[in-house]
Structures are given as C-alpha cells and as structure tokens.
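Asker: Have a look at the structure that comes next, please.
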Amino acid sequence: KNQVEQSPQSLIILEGKNCTLQCNYTVSPFSNLRWYKQDTGRGPVSLTIMTFSENTKSNGRYTATLDADTKQSSLHITASQLSDSASYICVVSARFGNEKLTFGTGTRLTIIP
Amino acid sequence: NAGVTQTPKFRVLKTGQSMTLLCAQDMNHEYMYWYRQDPGMGLRLIHYSVGEGTTAKGEVPDGYNVSRLKKQNFLLGLESAAPSQTSVYFCASRQTGSTEAFFGQGTRLTVV
C-alpha cells in the first residue's frame, strides 16, 4: 500500500530560526513529490515539485531535497517568518494510475515572535 | 480567473438531512477530486473524476455520491448525513499530464 509519513506532527520555532520537515514515502513506481503549504482555513497550495532526477530545489527561503534511494524528502525553511505558520503537506504521485495522489498527514508549523 | 470555487463555505446539518456541495473550476481541467480533511488524518480521497460524465470511488466513498455532468462542475452529495461526516471538505482539480492539484477554499460541514 502506498503511504506517505511526515515528521514531526507539529513544530514550534522562534521567528528568524531555521527548521526542517521530513517526509518518507513508499509510493511505487515513483513519479514525483510535491510539498504543499496549507494556511489555516485555506486549501493547500503547491510550493515545489521534486522529480526522480532532482536532489535539491529552492523556492525563495524554502529548499526541498529528495533522496530517491532511501525514499525520503525534506523541506528546509530558512530565516522563518510569521507568515510561514501553516501546515506543510507532502504529496507523492505514482508513475502510473496517477489519478490518485498519496497525501501525508502534514506537519503543523507555528512561528512565534 | 477564479480557480476552484466551492459552495457553500460553511454548513450545519441535522442527522438524516441531505445536501449537495458544489465545486466549480474555470481552468478546463480534466481531473476533479473531493477530499475530506480530519484532524490528524490528513486529506482522504472520497470520489474523483477523470472527465465529464465519469466518476470513481476513492478511499472513503461510503455515504457520499458524486456527479460530473459538466466538465467544470463536480458535485458531492450526502443523502443522509451522519455525525461521522462532520469534516472539512476540499475540492481539487488537475490538468492531464500535470500532478499539481489546485484546491478550493474548503467547506466546513458540521452534522449534529
């Protein structure tokens, strides 16, 4: 069964600090992995996509990594801001039958001033 | 360009009542999805559609029905609401060949 597990479930950090969120998956055959940001009361919005051949990708203060061998991804947030407070969801797509996306349960990140 | 729009945003139902949630997208996407999101469980797929006139069951379809009579609309129906269906419901759409899903703003449903 395809599964995506995220850790930690929740995280609280001070504004300006860095943090790293983790995602482990067992989806096969792997197509790509996306990180979504979900603000409170809103739908998720895609932050970045990682394909099989990509190891690292940056989007502003967000840097995603992918290790396809160990089936792990991370999302690193640098110099956190209050607006980074949100849930971050890891979503993995299989290469075939990609009508369905496998969602992680998310990490709830809270930035405090 | 409104993206994905869900109606209504909030609703309270009594047990046994019925209702329909409407999802509309203006991006000409082929794929549309209905998810429910519960604390600690993430997004779970209820039903999905790969094109106009087609629907399929997802992970948690019991108690729900869907219809996709027009490409831009995907309706989610609850025939007899139960307290276990209290949740936040999200609609999403996706273009063929892309794995990026675009989500609506959600519908918070409470069944009492």
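Asker: Using the structure shown, decide if B:Asp26 is over 20 Å from A:Ala94 (Cβ atoms) and without any contact (Cβ under 8 Å) to a residue 40 or more places away in the chain.
Answerer: no
Asker: Any chance the stretch A:62-70 includes a residue that's within 12 Å of chain B (Cβ to nearest Cβ), of a type in the set (Ser, Thr, Tyr), closer than 24 Å to B:Gly97 by Cα and touching a strand residue (DSSP E or B) at 6+ places or on another chain (Cβ under 9 Å)?
Answerer: No.
Asker: Can you name the number of the only condition in (1) out of contact with any helix residue (DSSP H, G or I) (no Cβ under 9 Å at 6 or more places or on another chain); (2) surrounded by 13 or more Cβ atoms within 10 Å (Cβ to Cβ); (3) in contact (Cβ under 8 Å) with a residue 40 or more places away in the chain that A:Thr51 fails?
Answerer: (3) is the only condition that A:Thr51 fails.
Asker: Here are some residues: A:Leu14, A:Leu33, A:Leu47. Which one is at negative phi and either aromatic (Phe, Trp, Tyr) or in contact with a Cys (Cβ under 9 Å, 6 or more places away or on another chain) (or both)?
Answerer: Exactly one residue qualifies, and that residue is A:Leu33.
Asker: A further question follows. Return the only residue of A:Leu82, A:Leu33 being more than 11 Å from the chain's Cα centre (by Cα), touching a residue at least 60 places away in the same chain (Cβ under 8 Å) and either under 29 Å from B:Thr107 (Cβ atoms) or more than 13 Å from chain B (Cβ to nearest Cβ) (or both).
Answerer: Only one candidate passes the filter, namely A:Leu82.
Asker: Of these, A:Gly43, A:Gly104, which one is touching a residue at least 40 places away in the same chain (Cβ under 8 Å) and within 30 Å of B:Pro8 (Cα to Cα)?
Answerer: After ruling out the rest, the residue left standing is A:Gly104.
Asker: Also, I was wondering about something else. When A:Ser80 is evaluated against the numbered criteria (1) crowded, with 19+ Cβ neighbours inside 10 Å; (2) closer than 20 Å to B:Leu43 by Cβ, which criterion, by number, is the only one it fails?
Answerer: All conditions pass for A:Ser80, except number (2).
Asker: Find the residue count for the stretch B:91-100, including only residues that are surrounded by fewer than 16 Cβ atoms within 10 Å (Cβ to Cβ) and either touching a residue at least 24 places away in the same chain (Cβ under 8 Å) or acidic (Asp, Glu) (or both).
Answerer: So the count comes out to 2.
Asker: Additional query: It is to be established whether one or more residues within the stretch B:67-90 are at pLDDT 95 or above, touching a His at 6+ places or on another chain (Cβ under 8 Å), surrounded by 14 or more Cβ atoms within 10 Å (Cβ to Cβ) and closer than 17 Å to A:Phe103 by Cα.
Answerer: Within the stretch B:67-90 (the criterion being at pLDDT 95 or above, touching a His at 6+ places or on another chain (Cβ under 8 Å), surrounded by 14 or more Cβ atoms within 10 Å (Cβ to Cβ) and closer than 17 Å to A:Phe103 by Cα), the answer is no, since none of the residues qualifies.
Asker: Out of all the residues in the stretch B:4-19, which are surrounded by 13 or more Cβ atoms within 10 Å (Cβ to Cβ) and not basic (Lys, Arg)?
Answerer: B:Val4, B:Thr5, B:Gln6, B:Thr7, B:Leu13, B:Gln17, B:Met19
Asker: Sticking with this structure for a sec: I'd like to know if the stretch A:84-92 contains one or more residues that are exposed (fewer than 15 other Cβ atoms within 10 Å of the Cβ) and not in a loop (DSSP other than H, G, I, E, B).
Answerer: no
The values are calculated or read from the model by the stated rules, or taken from the named source; none is laboratory data. Predicted, not measured: the structure shown is a model, and the values here were computed from it. So basically every Cβ, Gly included, is an ideal-geometry build from the backbone, and we count neighbours across all protein chains shown.
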